[in-house]
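Quick note: the coordinates plus some simple rules give every number you see, no bench work behind them. The structure presented is a predicted model; accordingly, all values stated were derived computationally and were not measured. Cβ atoms come from the backbone with ideal geometry, glycine included; neighbour counts cover every protein chain shown.
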Amino acid sequence: MSKYYVNKFLFTIDRDPEWVASYREDPRATVLRWEKEVGRWLNPVEQTSWLEFTQEEREALATHDYVWLFEHGAHFFLNLTLFIALFDEEYAAAKGPLAFQTEMAQKLGHWTGRDYPSVAM
């Protein structure tokens, strides 16, 4: 997995409410737009030509598959905070406080007692 690139996506989307809203409403289009507008930029004047998502990463991001992302080395905190931003309000309204976090913990329950996947590049 291109951990740097996936983590850059998680980090930059989570920092901007407009990107969060876009990612919630149309994740597939948001992933593609982010790759064009943000992902390849190293700084305001330089772009990289070698960073890109694998098809599996793109699909996991496009389907909000935070379990797959975790299992393949996405940084847990970046993964958690973005998906809380996406789903916490909706889950809390329907099921009470911390409902999304509880569901995420249940879906990752098979990792209990195991080392986290490496986030090393």
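What does the charge count around GLU103 come to, taking other residues whose C-beta lies under 11 Å from its C-beta (Lys +1, Arg +1, Asp -1, Glu -1)? Every neighbour counted, the sum reads +1. Gyration tensor analysis over the Cα atoms of the chain returns equivalent ellipsoid semi-axes of 25, 18, 11 Å (largest first, whole Å). Helix content alone sets the calculated 222 nm mean residue ellipticity of the chain: runs of n ≥ 4 DSSP H residues at -39500 (n - 2.57) each, divided across all residues, give -17500 deg cm²/dmol. Cβ-to-Cβ counts within 10 Å put VAL6, VAL67, VAL45 in ascending order as VAL45, VAL67, VAL6, the fewest first.
Among HIS64, ALA29, TYR5, which residue has its Cα furthest toward the positive end of the charge dipole of the chain, with +1 on Lys/Arg Cβ and -1 on Asp/Glu Cβ? Working it through, the farthest residue towards the positive pole turns out to be TYR5.
Each Lys and Arg Cβ is given +1 and each Asp and Glu Cβ -1; about its Cα centre, the chain then shows a dipole of about 180 debye.
In loop segments of the range 1-83 as defined by DSSP, the trypsin sites (Lys or Arg not before Pro) with at most 14 further C-beta atoms inside 10 Å of their C-beta are ARG15. Restricting attention to the range 3-111, lysine pairs at least eight places apart or on different chains and with alpha-carbon atoms under 24 angstrom apart total 5.
As a proxy for reagent exposure, ranking LEU69, LEU42, LEU51 by other Cβ atoms within 10 Å from fewest up yields LEU42, LEU51, LEU69. Positive end of the dipole of the chain (Cβ unit charges, origin at the Cα centre): among PRO97, TRP111, LEU82, the Cα lying farthest that way belongs to TRP111.
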